[in-house]
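Below is one structure, written out as C-alpha cells; the observations come after it.
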Amino acid sequence: MGGQKNFSSVSASGRGIRFGLQQIRLQLVDAFCARPDAVLSWDRAAVDATTEIKAALAAAGTPIGPNDTAIAGHAIAARAILVTNNTREFERVPGLQLEEWVS
C-alpha cells in the first residue's frame, strides 16, 4: 500500500466509539476523529443502500445488526472501502468492499 491514502469516517462510527469509552479516553477519541480528511454526510444514497442491504440480508436469513447495516450502506453509497476488524459480519453484505485492518 504505497503512497498516502485519504481517510474518511462516518459519524455513526465516531458516535459508537465515543459511547463505548469512558471520559478518560475521550481525548484519544477526539484526536482520532480529528484525523479524517472528511466526515461523510448521511444522505439519501446512504439511506437507500442501507435499506437495500437490510432487505437482501433479511431475505437470505443472514441479517447483521442495524449499526453495521448502516455503516455498510454508507460505505457502498460513498463507493468506499470499509476498513474493519469485523469481517465476520460485513462479509455477508453483497457489493461491499472490505479490508481487514488487523491481521
Checklist entry - Just checking, how many residues over the range 63-82 are farther than 17 Å from Gln97 by Cβ, touching a residue at least 24 places away in the same chain (Cβ under 8 Å) and surrounded by 12 or more Cβ atoms within 10 Å (Cβ to Cβ)? => result 1
Next on the checklist: Of all residues being part of a helix (DSSP H, G or I) and touching a strand residue (DSSP E or B) at 6+ places or on another chain (Cβ under 9 Å) in the range 1-55, which is modelled with the lowest pLDDT? Just the residue, please.
Outcome noted: Ser11
Checklist outcome for this item: Selection from the range 31-59 of residues among the aliphatic types (A, V, I, L, M) and in contact with a Pro (Cβ under 9 Å, 6 or more places away or on another chain) yields Ile53, Ala56, Leu57
Checklist entry - Of all residues in the range 56-71, which are under 22 Å from Val83 (Cα atoms) and in a loop (DSSP other than H, G, I, E, B)? => result Thr62, Pro63, Ile64, Gly65
Checklist entry - Of all residues in the range 25-43 being under 19 Å from Leu96 (Cβ atoms) and free of Cβ contacts under 8 Å to residues at least 40 places away in the same chain, which is nearest to the chain's Cα centre (by Cα)? => result Trp42
Checklist outcome for this item: Residues of the range 83-103 being part of a helix (DSSP H, G or I), surrounded by 15 or more Cβ atoms within 10 Å (Cβ to Cβ) and modelled with pLDDT under 95, in sequence order, are Glu89
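The values are calculated or read from the model by the stated rules, or taken from the named source; none is laboratory data. None of these values were measured; they are calculated from a predicted model. Glycine also receives a Cβ, built like all others from the backbone with ideal geometry; neighbour counts cover every protein chain displayed.
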